[in-house]
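The structure appears below as structure tokens.
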Amino acid sequence: MKNIILIGFMGVGKGSVAREVTNHSNYITIDTDDIIESMTNKKIKDIFGDEGESHFRKLEKNISHWLENSVKDTLISTGGGFYKVKNLKKIGIVILLDSPFEEIIKRIKAHPNAERKLRKRPLLKDLKKAKELYNQRRPEYLKLADIVVDVTNKSAKECSKELLKKVKKYA
Ligand code: S3P
């Protein structure tokens, strides 16, 4: 089994889809943001606040080397900016979870923990800037993706089924 690496914009549902896939396959899931938080014993928003975004990106880069060299048979969920690491395609099959910006924001706001979801993501603080970031990133995401799953108006379970079907064909 090759690694699967989930990319996509903040709030698109990478974590929820990853959990569903894990429940319905032999993949174990890890998450790059969780690894960074446990490595540093700090919340992402505090790393951004104390050391700055560039430090966070360095940590992502370090993790990307470890993933490439040491992780196998795993579903790797990533932070929305992780796709920039140079060795992304060497880590595994790249799957983009895709949705229009407005749908992503609608989805986050409809969540019972919406406040917390927005608060923990420094780059979602200013929605105008976040939209610009989305517009800049989306073509880059599409270029890197081996598989695209459109998550708009679909449950995590539906997305996970579609993902596993597409991975089977791809492998
Ligand atoms: C980021 C996305 C976040 C987290 C950090 C930066 C980004 O992860 O890695 O706040 O650059 O898009 P999620 O995509 O899980 O929100």
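Computed from backbone phi with θ = phi - 60° and the Karplus coefficients 6.51, -1.76 and 1.60, the 3J(HN,Hα) list for the stretch 74-85 is 10, 9, 10, 8, 10, x, x, x, 5, 4, 6, 4 Hz; x is used for glycine and proline.
Amide H contacts of Asp31 (H built 1.01 Å from N, in plane; Pro and chain starts excluded): Ser77 sit under 5 Å, all sequence-distant by 5 or more or on other chains.
Calculated over the stretch 44-119, the projected area of the Cα convex hull averaged across directions stands at 6.3 nm². If you take the Cα centroid of the stretch 29-60 and the Cα centroid of the stretch 122-167, the two points sit 21 Å apart.
Extension gain, Glu158 to His65: 0.36 nm times the residue separation minus the Cα-Cα distance gives 30.3 nm. Site pair Gln136 and Lys89 shows an inter-label distance of 2.3 nm when each label is modelled 7 Å from Cα along Cα→Cβ.
Three semi-axes describe the equivalent ellipsoid of the chain; taken as square roots of 5 times the Cα gyration tensor eigenvalues and ordered largest first, they are 23, 20, 15 Å. Give the residue list of trypsin sites (Lys or Arg not before Pro) in the stretch 52-114 that are DSSP loop and have at most 16 other beta-carbon atoms within 10 angstrom. Of the trypsin sites (Lys or Arg not before Pro), the ones in loops of the stretch 52-114 whose Cβ has at most 16 other Cβ atoms within 10 Å are Lys72, Lys86. Between Asn23 and Asn113, the simple label model (points 7 Å from Cα in the Cβ direction) yields a spacing of 1.5 nm.
Here, each number is a calculation from the coordinates, and none is a lab measurement. None of the values given here were measured: they were computed from a predicted structure. Cβ coordinates were reconstructed from backbone atoms using ideal geometry, including for glycine residues, and neighbour counts include every protein chain displayed.
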